[in-house]
Amino acid sequence: MRSRHLALAASLAGISTAAIAHITLAEPSAPAGSYHAAFFRVSHGCAGSPTLAIRVEIPANVTVARPQPKAGWTVAIERAPLPSPVRSEGGEMVNDRVAAITWTGQLAPDEFDQFGVMLKLPDATGPLYFPTIQRCVSSSTSWTTIPAAGQAWHSVKTPAPVLELIKPSAGAMSM
């Protein structure tokens, strides 16, 4: 009986280790249509190798994405044209959007860090996926798999970070 409990504990420990081995969002949900500071949490390197870059793809229906600067890291922004211009919060017309953000620096394989982006979220509720590439000294990991409808996020080997957009609460204000 004792050996069965030890085996169960060991398997659960493996599950919890696998669960934190992904790139995740610090807050897994946010109100649809709001401004949201999203923090992509990187909890490890690649097979014991330091992380050198994190590239996060921004979904096409996100109209504002502003990376947070990070000491010791450089930030590169890739842009894509919008199907039609939108008015920014400053009132000017904008013809393109941020399509991807890449932070380049170095993170030891046994340390974690977070990479922040201020987002204007779409109005629709549901999952919003951010395919992410983690480049390390020895290899890369593509955290880009989007689960099939009805499939659990953690059931795929390399899931894309996901933010669940929820219905705003009554009386909630967006920025």
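The values are calculated or read from the model by the stated rules, or taken from the named source; none is laboratory data. As the structure is a computational prediction, the values presented were derived from the model and not from experiment. FYI the Cβ positions are ideal-geometry reconstructions off the backbone, even for glycines, and counts take in every protein chain you see. In case anyone asks, the SASA skips ligands and DNA or RNA and just uses the protein heavy atoms, side chains included. Shrake-Rupley method; radii C 1.70, N 1.55, O 1.52, S 1.80 Å.
When the stretch 144-172 is examined, which residues are found to be part of a loop (DSSP other than H, G, I, E, B) and among the aliphatic types (A, V, I, L, M)? Steps first, please.
As a first pass, look at the stretch 144-172 and keep what is part of a loop (DSSP other than H, G, I, E, B): 144, 146-152, 156-158, 160-161, 167-172.
Ile146, Ala148, Ala149, Ala152, Val156, Ala160, Ala170, Ala172, listed by residue number.
Thr141 passes all but one of (1) more than 23 Å from Leu163 (Cβ to Cβ); (2) assigned to a strand (DSSP E or B); (3) hydroxyl-bearing (Ser, Thr, Tyr); which number fails?
Failing condition for Thr141: (1).
If I filter the stretch 58-77 down to residues being in a strand (DSSP E or B) and farther than 20 Å from Leu25 by Cβ, which single residue comes out as most open to solvent (accessible area, probe 1.4 Å)? Working first, answer last.
First pass over the stretch 58-77, keeping only residues in a strand (DSSP E or B): 64-67, 74-77.
Add one more test, that the residue is farther than 20 Å from Leu25 by Cβ, and what stays is 74, 76.
On the way: Thr74: 88, Ala76: 53 Å².
Out of the qualifying residues, it is Thr74.
Which one of the conditions (1) in contact (Cβ under 8 Å) with a residue 60 or more places away in the chain; (2) part of a loop (DSSP other than H, G, I, E, B) does Arg55 fail to meet, given that it meets all the rest?
With (1) in contact (Cβ under 8 Å) with a residue 60 or more places away in the chain; (2) part of a loop (DSSP other than H, G, I, E, B) applied to Arg55, the lone miss is (2).
Restrict the check to the stretch 105-113 and report whether at least one residue is touching a residue at least 60 places away in the same chain (Cβ under 8 Å) and either aromatic (Phe, Trp, Tyr) or farther than 26 Å from Ile54 by Cβ (or both). It would help to see each step written out before you state the result.
First pass over the stretch 105-113, keeping only residues touching a residue at least 60 places away in the same chain (Cβ under 8 Å): 107-110, 112-113.
Those still in the list that are either aromatic (Phe, Trp, Tyr) or farther than 26 Å from Ile54 by Cβ (or both) too: 112.
Within the stretch 105-113 (the criterion being touching a residue at least 60 places away in the same chain (Cβ under 8 Å) and either aromatic (Phe, Trp, Tyr) or farther than 26 Å from Ile54 by Cβ (or both)), the answer is yes, since at least one residue qualifies.
For the stretch 98-119, name all the residues that are in contact with a Ser or Thr (Cβ under 6 Å, 6 or more places away or on another chain), open to solvent by 30 Å² or more (accessible area, probe 1.4 Å) and assigned to a strand (DSSP E or B).
Within the stretch 98-119, just Thr104 meets the criteria.
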